[in-house]
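Novice: Mind looking over this structure? Questions follow.
Every read-out reported here was derived from the displayed coordinates using simple, explicitly stated rules and does not represent laboratory data. Because the structure is predicted, anything quoted here is derived from the model rather than measured. Neighbour counts run over all protein chains shown; Cβ positions are idealised from the backbone, glycine included.
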């Protein structure tokens, strides 16, 4: 499998930062008075977990990581008692940082390298416990996609403590290769040895069972899109037949396809609605026009209720494609591709954080 080009670029940048850090190290040790690099790292860089809420923070850039670090550092200083500041290791570290430009430069480089090394863990938006399981498929052929699946007391559930440590990008091809598909109420998992094996199962089992030629057209184009991708494991899953009622055998609705943005957990659904299956009324020869209108209205309201229910319960916005859209499957898939070509969006940064820290005054 080809290397992830983004990871290759990060590794190259990490190597450059390491050389810069090494060149500064002797003088920084002399300025700060620490015995060795380990002591220096433990005092500054190793404290990022004390200064940042790593359990809940989603950090998109090195700048944001440094911002949160300095904000946390400042908060720690502000919480020190007036009589305890002089003896505090945090305050002593702050003075050395404030009074030495070279120390500040070293710490900036160190924090940037730390972020790049921990990028996969720090930058991921994590699904909630409720969002961490999807049941998909036909009534007698359903499967579960979980994040950290475990079979307990005869049922599948997520290991909640491990959701944030999940190594793959959520709801992507890499995700399904890591977890496979679980079988309801059985301690059994369908695992996939590689991407091609999953794509074959996706198209020829999950989608073909729906009996929809339009869904199969999209599935075929999705498979080619994944195969041609530079980073196929990072492509979001095109999730078929998401069951509104979950694992319940009798369910209200199934959504043709769903895509979850792995970087912000936003969800979009796609309904393929040809007139032949969603609008045609039969047996109208002996019906009054008002009865035909009433039946057509009931069908329309049923479809709208489905869309509203998915949005209210799961936050899924749904795009509906009708016959004119379905007539051109290439153009239709182009409309869907924009939801597959996703990447992380940097957050607005608070660049005043460093100045706030440097301007800290003892009470």
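Novice: Whole Å is fine, so just give me how far the alpha carbon centre of region 1-52 lies from that of region 102-177.
Specialist: Region 1-52 and region 102-177 have Cα centres separated by 26 Å.
Novice: Ok, one more. Decide, for region 1-100, between rounded, prolate and oblate: order the square roots of the alpha carbon gyration tensor eigenvalues as a ≥ b ≥ c, take rounded if a/c falls under 1.5, and otherwise choose prolate if a/b is larger than b/c, else oblate. Intermediate results must be reported in sequence, preceding the final value.
Specialist: Details: a/c = 3.02, a/b = 1.44, b/c = 2.09.
In terms of gyration-tensor shape, oblate.
Novice: So, in nm, how far is label residue 13 from label residue 305 when the simple model puts each one 7 Å beyond its Cα toward the Cβ?
Specialist: Once both label points are built, they end up 5.1 nm from each other.
Novice: Report the calculated FRET efficiency for residue 161 and residue 200 (r = Cβ-Cβ distance, R0 = 25 Å), to the nearest 0.05.
Specialist: 0.15
Novice: Right, something else. Highest first, please rank the peptides 163-170, 319-326 by the mean number of other Cβ atoms sitting within 10 Å of their residues.
Specialist: Details: 163-170: 17.1, 319-326: 14.9.
Result, highest mean Cβ count within 10 Å first: 163-170, 319-326.
Novice: Right, another one. For residue 328 and residue 356 in the same chain, what is the full-extension length gain: residue separation times 0.36 nm, less their Cα-Cα distance, in nm? Working shown, then result.
Specialist: Details: separation 28, 0.36 × 28 = 10.08 nm, distance 5.69 nm.
Working it through step by step, the gained length comes to 4.4 nm.
Novice: What residues of region 138-166 lie in the reach of a label at residue 185, counting those whose backbone N is under 16 Å from a point 7 Å from the Cα along Cα→Cβ?
Specialist: Only 138-144, 152-157 fall inside the zone, counting backbone N under 16 Å.
Novice: Shape of region 1-51 from its Cα gyration tensor (a ≥ b ≥ c, root eigenvalues): rounded if a/c is under 1.5, otherwise prolate when a/b > b/c, or oblate? It would help to have the intermediate numbers written out before the result.
Specialist: Working: a/c = 4.09, a/b = 1.92, b/c = 2.13.
It comes out oblate by the Cα gyration axes.
Novice: Order these by the 10 Å Cβ neighbour count, fewest first: 105, 267.
Specialist: Working: 105 14, 267 22.
The fewest-first ordering by Cβ neighbours comes to 105, 267.
Novice: Taking a ≥ b ≥ c as the square roots of the Cα gyration tensor eigenvalues, with a/c under 1.5 meaning rounded and otherwise prolate when a/b beats b/c, else oblate, which class fits region 158-252? Could you put the intermediate results ahead of the total?
Specialist: On the way: a/c = 1.83, a/b = 1.06, b/c = 1.73.
The shape class here is oblate.
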